[in-house]
Each structure stands twice: as C-alpha cells, then as structure tokens.
Ligand code: FMN
C-alpha cells in the first residue's frame, strides 16, 4: 500500500515518529534513543521527508542494517508530500547567487584557490564539517605554516630535462608521491560522494584511502575503481571487535592493499565550527537548557562506536586477522615510530588528523624531521614506510617531505574542496596542478628523480622553532582592549 504525505505527517513527535527517506516511510519511534546522532535531529524531520539530511551521513545500507524490517512502512506518494523548499530561505538564495558567480575552473591555479571557492559556495554545515579543526585551530594552521619554515638548498647544473616523480607506496607504483587520504562524509560536499575521488585517483594513478565513515558504502567505492586500481582502507576500530574483524576481512577480500588503523582518535576532538553550525537549526533549543546532543556536530554524531581502549597490545591481533600491510595513522612522536617498528607494522602516517584532534599537536613534517635522523642512527630507516599528512597544499610541500625521508604524503581537504566546488573536474584539475608544480619544482631544485631527493637539499634550521605560532584569532576576536582615556562609571 502506498502512503500519502498527509498520513506520514501525523506521526510527528517523539511518541510516534515516522520519517520519509528516498520515497519510503520508516517508523523510527523506538530507534530514537539509539540514534548515534541523538534523537533531536530525527525529530526535526518527524512526519517529513528527511532524505536530504540523511543522505550524506548514512551509507545506503544503513536502514537495512539497523532498522527492523517491521518498521519499514512502504512507499510514499511523493507528490502528496509538502516539502519546505530550501531555496526559499534567504541564506540559500544568497548561496545560489554565489554559485552562479563562481570562478571558472580554469581560474583556479593552486589548491588553496579551491578552498576559497568552496568556502563561498558550500552549505554551512558541510563547510563547517570539512574545514573545522580542534579548539583554537592552532594545529590546523601550524600544519600548513610548518612547511614555510623549511627552505631549499637547490643544486645547479643538473640535467633535469626528464624529470621522473613516479614512486612506490607499499609496493604499488604511483604517478606522483601523494595519496587521497581518508575523509569522512563525502556526500556533504558532492551528491555522488567518495566515488568522485575514486575516479580522479584512477585518472592520475594515485591511491585512494577509503574512510570507515564514508557516505558511499565501502562496496560502492570499491566497485567504482577500475582494473588494477589500488585502494587502502582506513579503519576506526569498533568497540565490538567482531564488527572490526568483519570489516577488515571484507576489505582484504575485495582487494584492499593496505590497512590504515587510525590511532589518534580515542575520542573525537572538539571542532567548534562544526558544532556551532548545528546551532543555527531552528529546531535546536540550547537556550532552554535542553540536552544538546545534535549540537555536537556531524563528527561526534557519527563516531560514538570508536574504541578508546585500543592499545599496542591489540596490534598482534590485527596482524593475525589480515595479510594486508598494517599502517598506524596518527603517530606523533619518534618514540612511537620505534614502537611501531617493534610491533612489526609496515608503516606509519605521521599525522595529527588535519588538526582535528589534539590542538597543539605538532605538524607531521616536524615529527618527520625528528624521526628520520633517529631511524638512520639506529639503521632502521628501511624497516618501515613513513608517510605524513596535514597542510600539504603545494608540490614544494611534497618535495620537502620526500627530502626529509617520507615515502609519500596524504592530502585531505583540498580534494574535498575541489570536489565540492567543481565535482570530478575540480579534483582532476587539483591533481594535475600538483603534477605540473611537481615537474617544475623538481627541475628547479635540481633533482631528476625521487631517489635524488635528500636532506641536503633543504635548510630545516627554523623548522623546530615555534616562535611564529599561528595567530590566536579566537582570543583576539573576544579581547576588549583598554579604552584610553578610561571610561568612568556614572
Ligand atoms: N582521518 C581518519 O583517519 N578518518 C576519518 O574518517 C577522517 N575524516 C576526515 C574528514 C575530514 C572532513 C577531514 C578534513 C579530515 C578527516 N580525516 C580523517 C583526517 C585525514 O585523513 C587527514 O589526516 C587530514 O585531512 C590531512 O590534513 P589536510 O586536510 O590538511 O590534508
């Protein structure tokens, strides 16, 4: 039987809550207290069509998996559903205007240009989730700023007519030493989600790391790959290890060539921009002293399953359940790199999660500069592959990481922004720009291949100097300076 919008609309409170998703109605009354994002966000759509809010945050098989069949109520005649048109809000009208005035793709000349465009045209919540970072976002800005404290010592009179910047990562040959790192919720930026990144990665022969919390299902992202295209899996370890084991085994069966276990997120950081963007919901009612579960932002809503007990003692178990190389993502000090070698993993990513976890964590590039001399001293530099991510926006950043000893770098936000603004063509152009920059800068530094990149090509004396800490913008914004002459009471 087909339901009408009027019938669904009657079930519109916490005691009787139906929602419509993709033209079908669901009774979610009993599910409300279990929803990882809290009941409030569902109640906002009680009796209504929730597809637009649901789609980016939930993989397509979510309802099948988590909502009992008896609660699947059947199709709805969508011509009878009254929708509140987004276009009618003044904010949305302005956004559409900005989209109409967007620069041409050809006018974007570097990765930061995509960020500038995305900031103006993305929906507020999506921009909040992608761009936010922890606390005062000092680490976010430091990730980028740290590269500016490294200078080059180029060689001259080297034959650089042919420049080869292909390399291998975990045994896979790639065109350029970067990979698309795992970033959750791809559909917040683009209706098709992560598969857009899959296609661009294929075109440029680079590796994509598939996030546990992708908007597309894992299988959709795997199916979007072609031929011998290589993908890795990023894993958030579930408190329920049976679920984790199933995910890992499935990924291996589907051909993933690396297991990147995220180790910097026993709890998700506070990303206030993400949290704040939820406060604009008319349904949110923090002023009344109500519970504010949905105000925690997209990040916290989707991550409650992550196991804070994960520790070194678990590594042998991972090694026992998979033959994929294991890489720890989010290592932040040389002592832990040494432990990782001892634990027998194949790689580490020196990363602070794009500044989204511990504010004042150091940049990956700085930790790399701390790590490599120690490994060389101990003769361990070939025991493990070292990657870094965070703040990489230019090919010179990639070259700096390689000179210091990284095997490759991960890039996150720039591809999300390029995808959000221009779809596949945007990501394609962003990757091509990096290749163009790479060729030019390898020539100018005097290196004809990746093997020729080495520490002697750089001056890193300022790298460890934190004198130029990124500006504390938040404090500046709220600071009331002394008024002179002093104001007197009365
Ligand atoms: N890292 C993870 O291990 N798992 C995730 O689900 C995840 N989601 C992310 C979502 C967004 C929107 C962003 C920006 C980063 C995310 N990260 C995640 C961190 C990235 O893998 C990577 O460490 C970081 O983005 C690198 O910094 P960059 O954005 O400056 O390139």
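The values are calculated or read from the model by the stated rules, or taken from the named source; none is laboratory data. Being a predicted model, the structure only gives us computed values, none of them experimental. Here the Cβ is made from the backbone with ideal geometry for all residues, glycine too, and neighbour counts use every protein chain on show.
Can you name every one of the strands (runs of 3 or more DSSP E) wholly within region 86-187 that holds 3 or more residues which are touching a strand residue (DSSP E or B) at 6+ places or on another chain (Cβ under 6 Å)?
Ranges flagged: 178-180.
So is residue 398 over 26 Å from residue 115 (Cβ atoms) and under 23 Å from the mean Cα position of the chain (by Cα) or not?
No, not satisfied.
Quick check on my filter: what residues within region 64-105 are under 30 Å from residue 396 (Cβ atoms) and touching a residue at least 60 places away in the same chain (Cβ under 8 Å)?
Answer for region 64-105, where residues must be under 30 Å from residue 396 (Cβ atoms) and touching a residue at least 60 places away in the same chain (Cβ under 8 Å): 102, 105.
Somewhere in region 388-399, is a residue touching a residue at least 40 places away in the same chain (Cβ under 8 Å), under 18 Å from residue 168 (Cβ atoms), in a helix (DSSP H, G or I) and within 14 Å of the ligand (Cβ to nearest atom)?
Yes, region 388-399 contains a residue that is touching a residue at least 40 places away in the same chain (Cβ under 8 Å), under 18 Å from residue 168 (Cβ atoms), in a helix (DSSP H, G or I) and within 14 Å of the ligand (Cβ to nearest atom).
Among the residues of region 328-345, how many are more than 12 Å from the ligand (Cβ to nearest atom) and either under 20 Å from residue 267 (Cα atoms) or surrounded by fewer than 19 Cβ atoms within 10 Å (Cβ to Cβ) (or both)?
Matching residues across region 328-345 total 10.
Quickly run through region 134-148 and pick out the residues that are more than 8 Å from the ligand (Cβ to nearest atom) and either buried (at least 24 other Cβ atoms within 10 Å of the Cβ) or touching a residue at least 40 places away in the same chain (Cβ under 8 Å) (or both).
Within region 134-148, 134, 135, 136, 137, 138, 139, 141, 142, 145, 146, 147 qualify.
Just need a number here: residues in region 199-212 that are crowded, with 24+ Cβ neighbours inside 10 Å and part of a helix (DSSP H, G or I).
Count: 2.
Against the conditions (1) at pLDDT 85 or above; (2) farther than 23 Å from residue 191 by Cβ; (3) out of contact with any helix residue (DSSP H, G or I) (no Cβ under 6 Å at 6 or more places or on another chain), where does residue 27 fall short? Just the number, please.
Condition not satisfied by residue 27: (3).
Looking for something at pLDDT 95 or above, in contact with a helix residue (DSSP H, G or I) (Cβ under 6 Å, 6 or more places away or on another chain), assigned to a loop (DSSP other than H, G, I, E, B) and more than 16 Å from the ligand (Cβ to nearest atom) - is there at least one such residue anywhere in region 305-317?
Taking every residue of region 305-317 in turn, none turns out to be at pLDDT 95 or above, in contact with a helix residue (DSSP H, G or I) (Cβ under 6 Å, 6 or more places away or on another chain), assigned to a loop (DSSP other than H, G, I, E, B) and more than 16 Å from the ligand (Cβ to nearest atom).
With the structure loaded, tell me whether residue 265 is at pLDDT below 95 and touching a strand residue (DSSP E or B) at 6+ places or on another chain (Cβ under 7 Å) or whether it fails that test.
yes
Of the numbered conditions (1) closer than 30 Å to residue 470 by Cβ; (2) surrounded by 17 or more Cβ atoms within 10 Å (Cβ to Cβ), residue 221 satisfies every one except a single condition; which is it?
Condition (1) is where residue 221 drops out.
Is it true that residue 345 is assigned to a loop (DSSP other than H, G, I, E, B), over 16 Å from residue 181 (Cβ atoms) and in contact with a strand residue (DSSP E or B) (Cβ under 8 Å, 6 or more places away or on another chain)?
Yes; evaluated as a whole, the condition is true for this residue.
Looking at (1) assigned to a loop (DSSP other than H, G, I, E, B); (2) under 26 Å from residue 362 (Cα atoms); (3) touching a residue at least 12 places away in the same chain (Cβ under 8 Å), which is the one condition that is false for residue 447?
(2)
Residue 18 versus (1) in contact (Cβ under 8 Å) with a residue 40 or more places away in the chain; (2) within 30 Å of the chain's Cα centre (by Cα); (3) at negative phi: which is the lone unmet condition?
Here residue 18 clears every test but (2).
Could you say whether any residue in region 346-356 is within 19 Å of residue 464 (Cα to Cα), away from the ligand (no atom under 16 Å from the Cβ) and either touching a residue at least 24 places away in the same chain (Cβ under 8 Å) or buried (at least 16 other Cβ atoms within 10 Å of the Cβ) (or both)?
No, region 346-356 contains no residue that is within 19 Å of residue 464 (Cα to Cα), away from the ligand (no atom under 16 Å from the Cβ) and either touching a residue at least 24 places away in the same chain (Cβ under 8 Å) or buried (at least 16 other Cβ atoms within 10 Å of the Cβ) (or both).
Restricting to region 207-221, name every residue that is closer than 18 Å to residue 244 by Cβ, modelled with pLDDT of 95 or more and more than 13 Å from the ligand (Cβ to nearest atom).
219
Just to be sure, is residue 365 more than 21 Å from residue 267 (Cβ to Cβ), in a helix (DSSP H, G or I), within 19 Å of the chain's Cα centre (by Cα) and modelled with pLDDT of 95 or more?
The answer is yes for residue 365.
Quick check on region 175-185. Is at least one of its residues more than 16 Å from the ligand (Cβ to nearest atom) and more than 24 Å from residue 336 (Cβ to Cβ)?
Yes, region 175-185 has at least one match.
With respect to residue 456, is the statement that it is over 28 Å from residue 201 (Cα atoms), touching a helix residue (DSSP H, G or I) at 6+ places or on another chain (Cβ under 9 Å), touching a residue at least 12 places away in the same chain (Cβ under 8 Å) and assigned to a helix (DSSP H, G or I) true?
yes
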